[in-house]
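These notes concern the structure reproduced below.
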Amino acid sequence: MSTEQHVESPADAGAAEFRSGFVAIVGRPNVGKSTLLNALVGQKLSIVTPRPQTTRHRILGIVNLPAAQIAFVDTPGLHRGEPRALNRAMNRAAASALEDADLCVFVVEALRWTRADGFVLERIARSKRPAIAVVNKVDSVRPKTRLLPYLAELGKRHEFLELVPVSALRSDNLDALKGAIARHLPVAPPMFPPDEVTDRSDRFRIAETIREKLTMELNQEVPYGIAVEVERMAEEVEGQVAVDAVIWVDREGQKPIVIGAGGDRLKRIGRAARLELNRLLGRRLHLTLWVKVRQNWADNARSLKQLGLE
C-alpha cells in the first residue's frame, strides 16, 4: 500500500502567511498625514493644504502587496484645544480610528518634537496599540547624520516596533515603510477586493476637493467656518456629470468674502475644483456652486451630523 505525503508548496506557504489589517495614521495637525496616505496609495484620496486641521474625516486608503493588504485610515490631527463642536468631533474620529486599528503609524516631523506630538503619543500609549514611528520630511534635513540623534531620542519615548524615516512629499522610502507595516499585521485574508482603493464615494471626493480649493484661495480668511455639501449629481449628455454643491459659511459677513468681487473668487474656486476632479475621477463635470449661510454650524451637533462630520 502506498501513502502520499503532502509537501507544502511555496504558494501554500504564501497563502498561509498572508497578512491584512487596519492601520491608523495618527499625529498632530499639519505633520503630513494626508500627504503620506496619498503617497502610499499612489493617488489623491485626502485633500492637502498648508492649513492645520484640513482633514476632518476618517479616510480609508487600501494598499495591496503580494503578501499583504494594508487598509490605511487617515485621521484628523489629534489636538488638545477643543473650542468648537467640530474640533471635538474631529478628535473623536481620530481617537476612534486609533482604537479600531490593528496597528498605528505615528507621524512626526524630522528634527521637531512639540507638546502636541507628546499629546498624541500619550493617546497611543493609552490605546495600547502597537506602533511604528514614521519620521516625515527627511528631505529637508541636511546633512542626514543629524537624523541619528533624533531617531535615538524618539526611540526612547515609546516602545515602537520600528522607526522609519520617509519623505511623503518625494515618496522616499515608502516601500520600506509598507514592508515594515506588513510584517506586523495579523495573519488574515484580504478584507477588500483587489480593485478597491477607498470606501469614500465620488460625492464625498467632490465635496472635499471643492473645500480644498476654498481653503487654498481664502488662505487666512474663513476656512474653518466653511463646509461643502453636494446636493445633486446627475448624468448629462455624452457622459458629463452635473454637480450642484453648496458652500456653507457660518456668518453672513463671510458670504461676500467667498463669492468675491463680481463673483470672481467663486469662479476661480469652481474652475480649479472642476479641472482637478475631471482628472481624479476621469469624467467631465459641470460644477455649479452656491454660497449659503448656516449660523454657527461648527458648534451645532445637528448641522455636523447633516454634513457628515459626526
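For this structure, a couple of remarks:
- If R0 is taken as 35 Å, the Cβ-Cβ distance between residue 17 and residue 202 corresponds to a FRET efficiency of 0.45.
- Placing unit charges on each Cβ (+1 for Lys and Arg, -1 for Asp and Glu) gives the stretch 55-146 a dipole about its Cα centre, and among 63, 108, 96 the Cα reaching farthest toward its positive end belongs to 108.
- Counted by neighbouring Cβ atoms within 10 Å, the residues 158, 184 run from fewest to most as 158, 184.
- Dipole of the chain, positive direction: furthest Cα of 257, 214, 184, with charges on the beta-carbon: 257
- Annotation: extensible slack from residue 292 through residue 184 equals 34.1 nm (criterion: 0.36 nm per residue apart, minus Cα-Cα distance).
- Length gained on full extension, residue 53 to residue 267, computed as 0.36 nm times the residue gap minus the Cα-Cα distance: 74.5 nm.
- Neighbour-count order for 216, 90, fewest beta carbons within 10 angstrom listed first: 216, 90
- Residue-by-residue Karplus 3J(HN,Hα) for the stretch 124-132, coefficients 6.51, -1.76, 1.60, Hz, glycine and proline x: 5, 4, 5, 6, 6, 7, x, 9, 10
- Of the peptides 55-67, 33-45, the order by per-residue mean of other Cβ atoms within 10 Å, starting with the highest, comes out as 33-45, 55-67.
- Estimated 222 nm signal from helices in the chain, with DSSP H stretches of n ≥ 4 weighted -39500 (n - 2.57), rounded to 500: -11000 deg cm²/dmol
- Using only side-chain charges placed at the Cβ, +1 for Lys and Arg and -1 for Asp and Glu, the dipole size of the stretch 10-183 relative to its Cα centre rounds to 780 debye.
- Simple point charges give the picture: +1 on the Cβ of Lys and Arg, -1 on the Cβ of Asp and Glu, and for the chain a dipole about the Cα centre of about 1420 debye.
- Taken over the chain, the percentage of Cα pairs per 20 Å bin, counting from 0 up to the bin with the maximum distance, is 30, 53, 15, 2, 0.
- In the chain, a dipole from Cβ-located charges (positive for Lys and Arg, negative for Asp and Glu) runs towards its positive end, and of 225, 281, 31 it is 225 whose Cα lies farthest in that direction.
- Above-threshold pairs, the threshold being 19 Å between Cα atoms, out of 267/305; 144/178; 213/305; 44/213: 267/305; 144/178; 213/305
- Exposure proxy shown here: for 150, 224, the number of other Cβ atoms within 10 Å sets the order, fewest to most, as 224, 150.
Coordinate-derived values only; no laboratory data. Note that the structure is predicted; figures quoted are calculated from it, not measured. Here Cβ is always computed from backbone atoms with ideal geometry, including for glycine, and neighbour counts include all displayed protein chains.
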